[in-house]
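Each remark here refers to the structure printed beneath this line.
FYI, it's all coordinate maths here, none of it is from the lab. The shown structure was predicted, so the numbers you read here are calculated from the model rather than taken from an experiment. Cβ coordinates were reconstructed from backbone atoms using ideal geometry, including for glycine residues, and neighbour counts include every protein chain displayed.
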Amino acid sequence: MVYGLISDVHGNLEALHSVLAALPRVERLLCLGDIVGYGPNPGECLDALRDRPNFTCVAGNHDLAAAGRYDLDWFNPAARAAILWTQEALSADQRSYLASLPMTAQASGALLVHGSLPEPMEYITGCREARRCFEATDAALCLVGHTHVAEHYRLRPGTRFCERLSLWSGGLISLKEGLRQIVNVGAVGQPRDGNPQASFGVWDTEAGVIEVRRVAYDVEAVQAKMRQAGLPRALAERLAWGR
Ligand code: ZN
């Protein structure tokens with residue numbers, strides 16, 4: 001089975017189009033949440049994804065907030081302003097689709113969750129959180145998003161061994177070493193690891209590898225749309241830096 005892996009599209013249609021064009025032929029597309037929020041085209045991104053055959057997506061905090069299912073107090077002022085804008089931009093049908101997204105999903109034995117376990121909206125930012133996540137699941141492979149940082153964690157079962165490796169400029173991960181691994185494929189629509197290019201992955205279960213790749217998109221076009229929509233300036237500016 002060959003899966004495409006995406007996360008944190010955040011209403012950035014230019015980045016999504018670049019990623020979909022760069023994806024090889026995949027049998028199923030897996031999304032780790034946050035299709036909407038921050039960006040100027042939430043509805044268009046949602047429709048482009050949900051209309052695809054073989055699309056699986058778990059809920060992100062912005063997805064649930066845009067659907068009125070997550071407390072806005074959890075967000076900083078800029079994110080909150082963008083969510084209120086997003087709620088207006090989406091149709092009732094699009095909001096109910098977001099509300100229906102599951103908190104976790106499975107694919108070929110891997111666990112899919114936006115943030116971590118046991119709390120799906122927590123962030124994995126180090127080995128401590130990575131271990132906690134694995135204590136809450138039997139899955140050998142976890143696919144996550146949420147931090148917008150492309151990286152992976154390797155843990156040896158029954159030991160304290162934990163390695164954290166950056167996928168800042170992409171990379172190839174072998175899944176055949178008897179380790180438990182957490183892979184964060186990074187963000188399509190708002191990278192925060194210093195590389196402004198959109199991030200995505202391809203998981204080939206037969207070959208036992210995940211390849212993470214970066215692809216350029218028209219950042220300035222998205223920034224112009226965000227300014228025109230009246231979305232917070234800082235959210236547009238950060239796209240150029242990937243921070
Ligand atoms: Zn996000």
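Structure values in brief
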| quantity | calculated |
| --- | --- |
| Options 58, 36: the member that is of a type outside the set (Gly, Ala, Ser), under 19 Å from residue 91 (Cβ atoms), surrounded by 24 or more Cβ atoms within 10 Å (Cβ to Cβ) and touching a residue at least 12 places away in the same chain (Cβ under 8 Å) | 36 |
| Cβ pairs under 7 Å, 6+ apart, first in the stretch 187-210 and over 11 Å from residue 149 (Cα atoms), second of a type in the set (Asp, Glu) | 189/8; 201/211; 202/211 |
| Tabulated pairs, the stretch 139-159, first within 16 Å of residue 31 (Cα to Cα), second assigned to a loop (DSSP other than H, G, I, E, B) and hydroxyl-bearing (Ser, Thr, Tyr), C-beta under 6 angstrom, 6+ apart or interchain | 145/7; 146/123; 147/123 |
| Boolean, residue 31 is within 17 Å of the chain's Cα centre (by Cα) and within 20 Å of residue 192 (Cα to Cα) | yes |
| Residue in the stretch 18-36 that is on the phi > 0 side of the Ramachandran plot and within 14 Å of the ligand (Cβ to nearest atom) present | yes |
| Test: residue in the stretch 67-76 that is crowded, with 21+ Cβ neighbours inside 10 Å and farther than 14 Å from residue 9 by Cα | yes |
| Matching residues, the stretch 71-123, being of a type in the set (Val, Ile, Thr) and farther than 19 Å from residue 184 by Cβ | 83, 86 |
| Boolean, residue 9 is closer than 27 Å to residue 117 by Cα and in contact with a helix residue (DSSP H, G or I) (Cβ under 7 Å, 6 or more places away or on another chain) | yes |
| Members of the stretch 182-196 that are surrounded by fewer than 24 Cβ atoms within 10 Å (Cβ to Cβ) and either polar (S, T, N, Q) or touching a Lys or Arg at 6+ places or on another chain (Cβ under 7 Å) (or both) | 192, 194, 195 |
| Subset tally (residues that are part of a strand (DSSP E or B) and either in contact with a helix residue (DSSP H, G or I) (Cβ under 9 Å, 6 or more places away or on another chain) or within 13 Å of the ligand (Cβ to nearest atom) (or both)) for the stretch 38-74 | 2 |
| Qualifying residue in the stretch 115-123 (condition: buried (at least 19 other Cβ atoms within 10 Å of the Cβ), away from the ligand (no atom under 16 Å from the Cβ) and under 19 Å from the mean Cα position of the chain (by Cα)) | yes |
| Unique residue being of a type in the set (Gly, Ala, Ser), under 22 Å from residue 202 (Cα atoms) and touching a strand residue (DSSP E or B) at 6+ places or on another chain (Cβ under 6 Å) when the list is 110, 48 | 110 |
| Condition met for residue 69 (over 29 Å from residue 207 (Cβ atoms) and not small (Gly, Ala, Ser)) | yes |
| Sole exception among (1) surrounded by fewer than 18 Cβ atoms within 10 Å (Cβ to Cβ); (2) charged (D, E, K, R); (3) farther than 29 Å from residue 89 by Cα; (4) more than 19 Å from the chain's Cα centre (by Cα) for residue 204, by number | (4) |
| Every residue from the stretch 2-17 that is within 13 Å of the ligand (Cβ to nearest atom), assigned to a helix (DSSP H, G or I) and either free of Cβ contacts under 8 Å to residues at least 24 places away in the same chain or under 18 Å from residue 56 (Cα atoms) (or both) | none |
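Rundown of residues vs (1) under 29 Å from residue 28 (Cα atoms); (2) assigned to a strand (DSSP E or B); (3) of a type in the set (A, V, I, L, M, F, W, C), yes/no style:
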{"site": "191", "(1), (2), (3)": "yes, no, no"}
{"site": "206", "(1), (2), (3)": "yes, no, no"}
{"site": "210", "(1), (2), (3)": "yes, yes, yes"}
{"site": "220", "(1), (2), (3)": "no, no, no"}
{"site": "223", "(1), (2), (3)": "no, no, no"}
{"site": "227", "(1), (2), (3)": "no, no, no"}
{"site": "231", "(1), (2), (3)": "no, no, yes"}
{"site": "238", "(1), (2), (3)": "no, no, no"}
